[in-house]
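First up is the structure itself, then whatever we jot down about it.
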Amino acid sequence: MELSGKSGEDITFANLRVHYGTGRSIHVSGTGRDKKFRYRYGAMTDLGDLEISKWKSLINALIEQHGEQEIQRQLRQWSKAECPWLRSDDEIEEYALRLHAARIFDDPAWAGYITFNRQHRPEVFETARLVWIKTSCCQKAGQITETQLDKAIYMDGWTRCPHCGRFSSFHICTPEEIQKEKEI
Ligand SMILES: [Zn+2]
């Protein structure tokens, strides 16, 4: 597949990132009461509104070009396990491709950043900045990223619990608490 846009620009993950889904009925044939429509489902990107199968083939070709099929497979597994609202394999596939286009695994604000990368990209933690916290729900020390900590300020001091996933108030662990955690 030719990986360039209408005006010949390179196609990148950034310009295939989905801003929102689009859907509309397209008039196929007939007039008046005999009008026939087909539903067109698409993705709004920096390259415009792409029909969904077109968008999928572009992002799949880009993933292949970058040799990232394995990470796409892992994103599908993650989506299937973590996103109960996704009902069909098609929905899981599309969701995982959206995550890939957004390069969500490099975003320390992503709720799955620590668990996904611990499992699949441990090298990320050589440079990732993490903070030990203790949430009021589970009362157990756990880690979040500094970015998630920054975000908590705008969430009235709440963050997603690293243990149960619920939003919870928390405190940053004292050095003694962290020490205790490391002894366990
Ligand atoms: Zn919890």
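The single condition among (1) closer than 24 Å to Gln77 by Cα; (2) without any contact (Cβ under 8 Å) to a residue 24 or more places away in the chain; (3) assigned to a helix (DSSP H, G or I) that Leu149 does not meet is (1).
Applying the selection to the range 152-172, what residues are in a loop (DSSP other than H, G, I, E, B), within 9 Å of the ligand (Cβ to nearest atom) and more than 24 Å from Thr127 (Cβ to Cβ)?
Quick first cut of the range 152-172, residues in a loop (DSSP other than H, G, I, E, B) only: 154-157, 161-166.
With within 9 Å of the ligand (Cβ to nearest atom) added as a condition, the list becomes 161-166.
Matches in the range 152-172: Cys161, His163, Cys164, Gly165, Arg166.
For the range 71-81, does any single residue satisfy the condition of being over 12 Å from the mean Cα position of the chain (by Cα), farther than 14 Å from Phe13 by Cα and among the hydroxyl-bearing types (Ser, Thr, Tyr)? No - not one qualifying residue is present in the range 71-81. Within the range 1-23, if we keep just the residues that are part of a loop (DSSP other than H, G, I, E, B) and of a type in the set (S, T, N, Q), the residue that is modelled with the lowest pLDDT turns out to be Ser7.
Checked against (1) within 15 Å of the ligand (Cβ to nearest atom); (2) under 19 Å from the mean Cα position of the chain (by Cα); (3) in contact (Cβ under 8 Å) with a residue 24 or more places away in the chain, Tyr113 meets all criteria but (1).
Mind checking which residues of the range 24-63 are among the hydrophobic types (A, V, I, L, M, F, W, C) and not in a helix (DSSP H, G or I)? Full working, then the answer.
Residues of the range 24-63 that are among the hydrophobic types (A, V, I, L, M, F, W, C), as a first pass: 26, 28, 37, 43-44, 47, 50, 52, 55, 58-59, 61-63.
Within the range 24-63, Ile26, Val28, Phe37, Ala43, Met44, Leu47, Leu50 qualify.
So in the range 121-146, with the set limited to residues that are of a type in the set (Ser, Thr, Tyr) and surrounded by fewer than 15 Cβ atoms within 10 Å (Cβ to Cβ), which one is modelled with the highest pLDDT?
First pass over the range 121-146, keeping only residues of a type in the set (Ser, Thr, Tyr): 127, 135-136, 145.
Add one more test, that the residue is surrounded by fewer than 15 Cβ atoms within 10 Å (Cβ to Cβ), and what stays is 127, 136.
Values: Thr127: 93, Ser136: 96.
In this case the residue turns out to be Ser136.
I'd like the residue in the range 145-158 that is polar (S, T, N, Q) and out of contact with any Leu (no Cβ under 7 Å at 6 or more places or on another chain) and, out of all such residues, is nearest to Thr135 (Cα to Cα). Give the derivation first.
So in the range 145-158, the residues polar (S, T, N, Q) come out as 145, 147-148.
Next, from what is left, pick out any that are out of contact with any Leu (no Cβ under 7 Å at 6 or more places or on another chain): 147-148.
On the way: Thr147: 17, Gln148: 14 Å.
Restricting to residues being polar (S, T, N, Q) and out of contact with any Leu (no Cβ under 7 Å at 6 or more places or on another chain), the top hit is Gln148.
Taking the conditions exactly as written (within 16 Å of the ligand (Cβ to nearest atom) and within 21 Å of Glu82 (Cβ to Cβ)), does Gln119 satisfy them or not? No. Condition check for Ile133 on (1) in contact with a helix residue (DSSP H, G or I) (Cβ under 9 Å, 6 or more places away or on another chain); (2) more than 16 Å from the ligand (Cβ to nearest atom): one failure, at (2). Every condition in (1) in a strand (DSSP E or B); (2) loosely packed, with under 12 Cβ neighbours inside 10 Å holds for Asp90 except the one numbered (1).
The values are calculated or read from the model by the stated rules, or taken from the named source; none is laboratory data. Predicted model only: the values in this text are computed from it and were never measured. Virtual Cβ from ideal backbone geometry, glycine too; neighbours counted across all protein chains shown.
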